[in-house]
Amino acid sequence: MPPAEVFAVDVSGASAATDSGNSGNNGNNASQPAIRQADTGARFVNDAAPPSGAPVRIGLLLPLRSDTLGAAAESVRAGFMAGLERDRDNITVTVLETGDVPQDILGAYARALQSQDIVVGPLSRPAVAAVAGSALVSKPTIALNSPEGHGQAGAPALPPQMLAIGLSIEEEARQAAQWAAADQPSGSALVLTTSSAWQRRVAAAFASQWEGRLGRPVRIVELGAPDGYLSDPELAQLRARLRLDMPAVLFSAMGADQTRQLRIALGSVLTTEPDNPIFSTADKLPPPPAVPTEQFASLPIYGTSALNPGASAGFPGRDLEGVRLLDLPWQVQRDHPAVMVYPRPLQTGVGSADMARLYALGIDAFRVAREIARHPAGRFQLDGVTGKLTVDFGEGPASFERIEQSAIYQNGAPAPARP
């Protein structure tokens, strides 16, 4: 099986968008990540608000002809149309199909500017980068991804008329760091990853937030994973390290199955390893400090939406009980007011959770486009199916923030974490 990508990592033209231990607290005691208070000038969007009056033409620019991104694009399209069905007053949507070639995408975008008031898209990172660097952006453009490095120091700014609202697993990692720091006000973090490129990006994002922004010590450990299975010798070394140096927080940059393997391995510290191992019959070394069972049991583990493969793919069972993660309300909060009013796509099998997330992105993309159409300039907040959204558009450089739902594994499946 080829290395997997997580839906929020990268929807680039070169890779498909698929795939992606025991805390002492239960979900009722897990706190939400810190959410920045919006400026007092922000308005809250009411989906029942009357339209502004003038018809609005929206062009939805998607790589539906792409072999690698066609399924992802179709999920976004379906979600966008579900949003339109709930509020189509004075709004028309034209779907603009493209392939993967940048010139094809730029040509379709240029034609959209001639006939549409707002453009939603492109979807892949390279396509968004091509449009952002083309000097074509003269009308509101809601990009469904971000160029590589967007938001980091030294990265070029997007055009003022472009708003990037794509799903970002790196941003989930940064929010997980804030959440973990609020729960554990002191101590270090241990970040576990494999050599997978997306996992390394997730690990780096968490570490940067934990150390660079929060000023707390962090260590990244990269585990070998031949054929996707964590190396037993390296897991044994990790167990020994934890005996000597217990962090305050463990962050898994890995997916659900590898984190499950990790939890089983950590559990074996308590049940299968001798309390006083002998390293040599000729020279007995002093045993490492004993680690109370309670200390291992209460080691909090955090992760991203990669830990939630979805019900159709099969949750990892009870092995992730107590593990904390960030995910979209669409995936973990079925009773959310916005989530309840939209139909769910019929998607099953491997990768269906990622397609569901892209469907949710399509819903919120429509809602953001509709609000910008009604109020072309200003700051607003939206309680969306992908998270709590804060948008500033039309008055200088655009800005976007998404706060995702915190969740915790309970009874074998992720459930919303309560304050």
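The numbers here are math on the coordinates, done by the rules we state, and not lab data. In this text, all values refer to a predicted model and were calculated from it rather than measured experimentally. Glycine gets a Cβ as well: all are built from the backbone with ideal geometry, and neighbour counts include every protein chain shown.
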If I stretch the segment between Ala182 and Glu148 completely, what's the gain in nm (0.36 nm per residue apart, minus their alpha carbon distance), one decimal? 9.3 nm
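So if I average 1/r over every pair of distinct C-alpha atoms in region 125-217 and take the inverse, what Kirkwood radius in Å does that give?
Over region 125-217, the inverse of the mean reciprocal pair distance is 14.9 Å.
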Provide the per-residue ³J(HN,Hα) series for region 177-186, in order, calculated from phi with Karplus coefficients 6.51, -1.76, 1.60 and θ = phi - 60°, each as a whole number of Hz, with x at glycine and proline positions. 5, 4, 4, 5, 5, 5, 6, 10, x, 9
FRET efficiency, 1/(1 + (r/R0)^6) with R0 35 Å, evaluated for Ala197 and Val95 via beta carbons: 0.65
The local net charge around Arg65, scoring Lys/Arg +1 and Asp/Glu -1 for residues other than Arg65 whose Cβ lies under 14 Å from its Cβ, equals -4
Cβ crowding within 10 Å averaged over residues, with 173-184, 103-114, 205-216 ranked highest first: 173-184, 205-216, 103-114
Quick calc, Ser231 & Ser312: beta-carbon distance into FRET formula, R0 35 Å, rounding 0.05, result 0.75
Amide H of Ala415: which non-local residues (sequence gap of 5 or more, or other chain) have their own amide H closer than 5 Å, using H built in the peptide plane? Ile408, Tyr409, Gln410
